[in-house]
Amino acid sequence: MVKKLLVFSFLLILSVVSLKAQRVQVVDTDGLPIAAVCVTNEKGALVGSTDHDGWLEDAKGVKHLFFSHVAFKPKDVNIDTIPSRCVVMQDENFQLAELEVKPKELLYVQTYYRCIYVCDEGPIYFRAGVVDNTYELAKKKISSKTRSVSRGMNGFMRFVLSTLVGHYIDEWARIDTATYYSRILKHVDKGNLFITEGPSGRRLVSDTISVLGYIDEDLQAGQRITNFDKWTYKDHLEATEAAAKEAKTGKKQKQKKEKYSDENNSNYEVYNIDENGNSRIDDLVMRQILASGHFKRTDQDYIILLETYTIGRDYIDKKEFKQTRKENEVEMDINELRQLEQNHHIPPLAPNLKAAVDELFKKELND
């Protein structure tokens, strides 16, 4: 009996060590943790995403991992060969071209985006396209038009996802007058969020419950990076409000029956800034929205990874914009999008995700 107990205890210790060994941290070349990294296996199937401290909590037994993030070069590693389970990702160094200010009525900003919907089986939906944004300087009004290509695991899925969420994806890829940085400051002014000094000049953004993101600002390099988990922040606010109502009324608040759980929604933005820390509407360099969670009905994890890059900007008049829009009204396919990525030095997808996306396009052609 004692011998069996010792063997059981030894196996239990081994299992705990094994579980701990599945934890991986992702950092940049300065050693700062990278949040909202999408982690997949060789087939492009989902493994997980990193939290604000750069930790992938469970590699799920996968040894060969692929790491994707809008601002860093894709990386694939065998985690058994990585010292201390720490993965270092290199900056992508995607930059905006210089912009000459002209006395014209419109600011034209062209953005490129790609969105990948990944679950336990791999990518099941891909959408990419170009957004022609105009900002009317006098009226401070934004208008946008999108050209896109999408594919799903089957034709029905492509139709459903494009119909239900396609226009939201297009909206997320447009320029915006309000940066996440400015939105964070508004909630700081209200007393709902707090900014504190963190490691190596990184400022941490927290509510009363936990750290929700960070701000990296480099005036010398002329850039500000903002990362913020708005869904967790929203959940915290709702929980706090519900607790306050329960305390006041003595009645337990009815909770909504959720079809899926939201674990992470990290909004990552890079903006150019001047010596005073200010930015214009056309200073968006890149944006990433990573939403991850769990579908309760199918018992599957999922990630929606949306990457947006600014690829062109200019001051134009309405006649020039009319001509530009006419020239841009063409059907696009995956090969034209890939060529556009090369022309504008847009970072390529990780090889495993690229191969999986290619399969989506081949599958629909064969069906």
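Look at the stretch 63-88 and say how many of its residues are surrounded by fewer than 20 Cβ atoms within 10 Å (Cβ to Cβ) and not basic (Lys, Arg). Give the steps one after another, and end with the answer.
Applying the first criterion (surrounded by fewer than 20 Cβ atoms within 10 Å (Cβ to Cβ)) to the stretch 63-88 yields 63-64, 73, 75-86, 88.
From the residues that got through so far, the ones that are not basic (Lys, Arg) too are 64, 76-84, 86, 88.
Looking only at that region, the number is 12.
For the structure I just gave you, tell me whether Asp132 is within 30 Å of Ile334 (Cβ to Cβ), in a helix (DSSP H, G or I) and either touching a residue at least 12 places away in the same chain (Cβ under 8 Å) or outside the structural domain of Asn276 (by TED's automatic domain parsing) (or both). Break it down into steps so the answer makes sense when it comes.
Values: within 30 Å of Ile334 (Cβ to Cβ): yes; in a helix (DSSP H, G or I): no; either touching a residue at least 12 places away in the same chain (Cβ under 8 Å) or outside the structural domain of Asn276 (by TED's automatic domain parsing) (or both): yes.
In short, no.
Any residue at all in the stretch 29-46 that's outside any loop (DSSP other than H, G, I, E, B) and out of contact with any Ser or Thr (no Cβ under 8 Å at 6 or more places or on another chain)? Walk me through it before giving the result.
First, the residues of the stretch 29-46 that are outside any loop (DSSP other than H, G, I, E, B): 33, 38-40, 46.
Right, trim to out of contact with any Ser or Thr (no Cβ under 8 Å at 6 or more places or on another chain) and you get none.
No, the stretch 29-46 has no match at all.
Conditions tested, residue by residue: (1) closer than 28 Å to Val109 by Cβ; (2) surrounded by fewer than 18 Cβ atoms within 10 Å (Cβ to Cβ); (3) in contact with a strand residue (DSSP E or B) (Cβ under 7 Å, 6 or more places away or on another chain).
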{"site": "Glu171", "(1), (2), (3)": "yes, yes, no"}
{"site": "Ala178", "(1), (2), (3)": "yes, yes, no"}
{"site": "Ser182", "(1), (2), (3)": "yes, yes, no"}
{"site": "Leu185", "(1), (2), (3)": "yes, yes, no"}
{"site": "Gly191", "(1), (2), (3)": "no, yes, no"}
{"site": "Thr196", "(1), (2), (3)": "no, yes, yes"}
{"site": "Leu204", "(1), (2), (3)": "no, yes, yes"}
{"site": "Gly213", "(1), (2), (3)": "yes, no, yes"}
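Only one of Asn78, Asn41 is touching a strand residue (DSSP E or B) at 6+ places or on another chain (Cβ under 8 Å), among the polar types (S, T, N, Q) and touching a residue at least 60 places away in the same chain (Cβ under 8 Å). Can you tell me which? Full working, then the answer.
On the way: Asn78 fails: touching a residue at least 60 places away in the same chain (Cβ under 8 Å).
Among Asn78, Asn41, only Asn41 is touching a strand residue (DSSP E or B) at 6+ places or on another chain (Cβ under 8 Å), among the polar types (S, T, N, Q) and touching a residue at least 60 places away in the same chain (Cβ under 8 Å).
Any residue that is surrounded by fewer than 19 Cβ atoms within 10 Å (Cβ to Cβ), under 23 Å from Asp358 (Cα atoms) and out of contact with any strand residue (DSSP E or B) (no Cβ under 6 Å at 6 or more places or on another chain) - is there at least one of those in the stretch 119-142?
yes
The values are calculated or read from the model by the stated rules, or taken from the named source; none is laboratory data. Everything numeric here is computed off the predicted structure, so don't read it as measured data. With ideal geometry, Cβ positions are generated from the backbone for all residues, glycine too; neighbour counts draw on all protein chains shown.
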